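The values are calculated or read from the model by the stated rules, or taken from the named source; none is laboratory data. What you see is a predicted model; the values in this text were computed from it and never measured. Neighbour counts are summed over all protein chains in view; Cβ atoms, including those assigned to glycine, are modelled from backbone coordinates with ideal geometry.
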Amino acid sequence: MPPTPQSAGRRSGVTRDHGPWLAALIPALACLYVGVVILMPALAVVVQAFAKGIGVFLENLRSAELLSALRLTLIATAIAVPFNATFGLAAATAIARRRFRGKALLLSLIDLPFSISPVVVGLMLVLLYSPSNGLLAPLLESTGWKVLFSVPGIVLATIIVTFPFMAREVIPLLEEEGWDQEEAARTLGASDWQVFWKVTLPSVRWAALYGLILTTARALGEFGAVSVVSGNIRGQTQTLPLFVEDAYKQYNSEQAFGAALILAGVAVVSLLLKIAVERLIDRNRGGVKEGDD
Amino acid sequence: MTSVSPSRGRLAWPFDRRLSWPWTITWTYLGLVLLLPLAGLLIRAAGVGPRGFWEAATSPVALSSYAVSFGLAAAASLLNGVFGLLIAWALIRSRFPGQRLLDALIDLPFALPTAVAGLALSYVYSPEGWLGAPILKATGLKVSFTSLGVAVAMLFISLPFVVRMVEPVLRSLEREQEEASWCLGANSTQTFLRVVLPQLMPAILAGVAQGFSRAVGEYGSVVMISSNMPFRDLITPTLIVQYLEEYDIAAATVVGAVMLLFSLISLVVINALQVWGQRYQGRAS
């Protein structure tokens, strides 16, 4: 039965009565849920880190084991991020804007580390590089390389877990843009290398920066894969996230929360940088559109 | 006889005839960093033999860990499906003070190292914690170091997925459709269920699937809030770590291979859901 205008009017009247009530309820519920699930634990890190005063917090930060863990985390990140950035840019220039057999499969392969459990990543490295029964044990023995329980293993685990970020951020942006500029540069006699540095890279710089931020943040905080391969020896092969867990297990919760606050601080900085870069990307897009009009 | 239209031509192979630098770097890197470790796991898993594989994959401890991991991850990601939609709605369809902060907070589970999340959650939900104490008093339930705690950690890490998947779709919905629905006499519940929700469904499901996949694989935050007791709150990734600590490499390999199989399946499902969503959006607009 088609509704008469009157009944429709009455119904929309009902909607209007419910409107403000529902309009206030939805944000309130959303804030409550996020407050309990996310904000409360985040605040707990800050409060617990300073629970015994700033003096104790600063004292904890001077612990030799914490500093060595921080150093190892920074070293692993400093090696993993440039490698992953190089791969991400190379993969993006190779894959984006081209159609070829198995493109979807290759993209899924690059995404795979996001869906594999970090523990399985660590397990795969153990199966390859274990000095006693790893598949590559003969190679390790003849060359004297040490991968597990040392820096190379930690770096490798970090690389595997974080390598998709860069490619994933840059590929969609390159797909959106055409070949025109690159072709123009080639016609004018630029080499592949020049085209990459002067045309392709500048056009994706914000997406690349975004990918770099995500890679770095994740590399600094990686836990599962690193915990399997590192051996977790205090002061030697313990990264900062591993230190947090270890201190907590030893009932040294001030040290655990102190180290956690450093990592949380880095996470918040990375979030702020991310928001800033998102704004820049939006503004650039807006600018391009206005120019096109 | 030209069945292939000349404009399309034949698809190229995923490398150049003269192997260019980008392709060389891509394949070398993927080979060393991803394919070699994957091959290692598959070779070792094949070496166990079908009978041994089946026994290790379906041992009582392993089965109970699958139940904990998959069951709680499903519960957490479904709950986040409901609240994720609610949060996305609040972010896109209303204006209220603190909206920007809410938006920024959603990304925190992506940015915060899992060990930090685990530490914070196990404190907040411990019997002396901010939320653990009132919950214990009111209901007599302990959260930290029980399977309830595992669910809370999974809730935390899988929260952003649905919100971030639904937001762009919700933003692109045309309000005219809803107005048309109202004009035709539908009330707001009918409009939501029949006009809005079907269009959001692919994004919601893709977000739930991503959150589920992430929660199943999660280790850092769960291991700190769980008591890691077999048959109670032991998740599958922790079981793999325990097998490795006991030098039971074969069992670790088998359970790891099961997890890998799950990751591959979830990747296919998530991709399919996203393709479905794009098709739906394409038809809608």
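Below is a table of values for the structure above.
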| read-out | value |
| --- | --- |
| Counted residues, segment B:94-113 - those being over 18 Å from B:Ala215 (Cβ atoms), more than 7 Å from chain A (Cβ to nearest Cβ) and either under 21 Å from the mean Cα position of the chain (by Cα) or surrounded by 15 or more Cβ atoms within 10 Å (Cβ to Cβ) (or both) | 2 |
| Single condition A:Gly102 does not satisfy, out of (1) touching a Phe, Trp or Tyr at 6+ places or on another chain (Cβ under 6 Å); (2) at positive phi | (1) |
| Residues located in segment B:210-225, provided they are assigned to a loop (DSSP other than H, G, I, E, B) and either charged (D, E, K, R) or surrounded by fewer than 24 Cβ atoms within 10 Å (Cβ to Cβ) (or both) | B:Glu218 |
| Long-range neighbours under 9 Å by Cβ, at least six apart or interchain, first residue more than 15 Å from A:Thr216 (Cβ to Cβ) within segment A:157-175, second of a type in the set (Asp, Glu) and outside any helix (DSSP H, G or I) | A:Ala157/A:Glu222 |
| Residue match in segment B:29-40 (condition: of a type in the set (Phe, Trp, Tyr) and more than 7 Å from chain A (Cβ to nearest Cβ)) | no |
| Some residue of segment A:275-290 being among the hydrophobic types (A, V, I, L, M, F, W, C) and either under 28 Å from B:Gly217 (Cβ atoms) or within 8 Å of chain B (Cβ to nearest Cβ) (or both) | yes |
| Identity of the residue in segment A:114-136, more than 7 Å from chain B (Cβ to nearest Cβ) and within 21 Å of the chain's Cα centre (by Cα), that ends up nearest to B:Glu245 (Cα to Cα) | A:Gly122 |
| Lone unmet requirement of (1) over 27 Å from the mean Cα position of the chain (by Cα); (2) within 22 Å of B:Val255 (Cβ to Cβ); (3) of a type outside the set (S, T, N, Q) for B:Ile25 | (2) |
| Given (1) in a loop (DSSP other than H, G, I, E, B); (2) modelled with pLDDT of 90 or more, number of the condition B:Ile204 does not satisfy | (1) |
| Members of segment B:249-268 found to be facing chain A (nearest Cβ under 7 Å), more than 14 Å from A:Pro118 (Cα to Cα), under 22 Å from the mean Cα position of the chain (by Cα) and among the aliphatic types (A, V, I, L, M), listed by number | B:Leu267 |
| Count of segment B:137-150 residues which are under 26 Å from B:Phe70 (Cα atoms) and either of a type in the set (A, V, I, L, M, F, W, C) or assigned to a loop (DSSP other than H, G, I, E, B) (or both) | 9 |
| Filter result for the condition that a residue is within 7 Å of another protein chain (Cβ to nearest Cβ) and touching a Phe, Trp or Tyr at 6+ places or on another chain (Cβ under 6 Å), over A:Ala94, A:Ala90 | A:Ala94 |
| Filter result (touching a Ser or Thr at 6+ places or on another chain (Cβ under 8 Å), at pLDDT 85 or above and more than 8 Å from chain A (Cβ to nearest Cβ)) within segment B:269-285 | none |
| Matching option when the condition is within 29 Å of B:Trp27 (Cα to Cα), buried (at least 17 other Cβ atoms within 10 Å of the Cβ) and either within 21 Å of the chain's Cα centre (by Cα) or free of Cβ contacts under 8 Å to residues at least 24 places away in the same chain (or both), among A:Ala92, A:Ala78 | A:Ala92 |
| Residue check, B:Arg95 charged (D, E, K, R), without any contact (Cβ under 8 Å) to a residue 12 or more places away in the chain and out of contact with any Gly (no Cβ under 9 Å at 6 or more places or on another chain) | yes |
| Selected residue [away from every other protein chain (no Cβ under 12 Å), in contact with a helix residue (DSSP H, G or I) (Cβ under 7 Å, 6 or more places away or on another chain) and part of a helix (DSSP H, G or I)] from B:Ser77, B:Ser64 | B:Ser77 |
| Pairs, first surrounded by 17 or more Cβ atoms within 10 Å (Cβ to Cβ) and at pLDDT 90 or above in segment B:17-28, second of a type in the set (Val, Ile, Thr) and not in a loop (DSSP other than H, G, I, E, B), C-beta under 8 Å, six or more apart | B:Ile25/A:Thr86; B:Thr26/A:Ile95 |
| Selection status of A:Gln194, among the polar types (S, T, N, Q) and either in a loop (DSSP other than H, G, I, E, B) or within 14 Å of another protein chain (Cβ to nearest Cβ) (or both) | yes |
| Residue that is under 24 Å from the mean Cα position of the chain (by Cα) and within 8 Å of chain A (Cβ to nearest Cβ), where the choices are B:Ile225, B:Ile240, B:Ile235, B:Ile204 | B:Ile240 |
| Where B:Ser126 falls short, out of the listed (1) in a helix (DSSP H, G or I); (2) within 12 Å of another protein chain (Cβ to nearest Cβ) | (1) |
| Among the residues listed as B:Leu34, B:Leu11, B:Leu86, B:Leu63, the single one being in contact with a Lys or Arg (Cβ under 9 Å, 6 or more places away or on another chain) and either free of Cβ contacts under 8 Å to residues at least 12 places away in the same chain or exposed (fewer than 14 other Cβ atoms within 10 Å of the Cβ) (or both) | B:Leu11 |
| From the options A:Ala247, A:Ala219, A:Ala264, A:Ala225, residue that is outside any loop (DSSP other than H, G, I, E, B), over 23 Å from the mean Cα position of the chain (by Cα) and closer than 17 Å to B:Gly220 by Cβ | A:Ala247 |
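Yes/no per residue for (1) over 30 Å from B:Phe53 (Cα atoms); (2) hydrophobic (A, V, I, L, M, F, W, C):
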{"position": "B:Phe231", "(1), (2)": "no, yes"}
{"position": "B:Thr238", "(1), (2)": "no, no"}
{"position": "B:Val241", "(1), (2)": "no, yes"}
{"position": "B:Leu273", "(1), (2)": "yes, yes"}
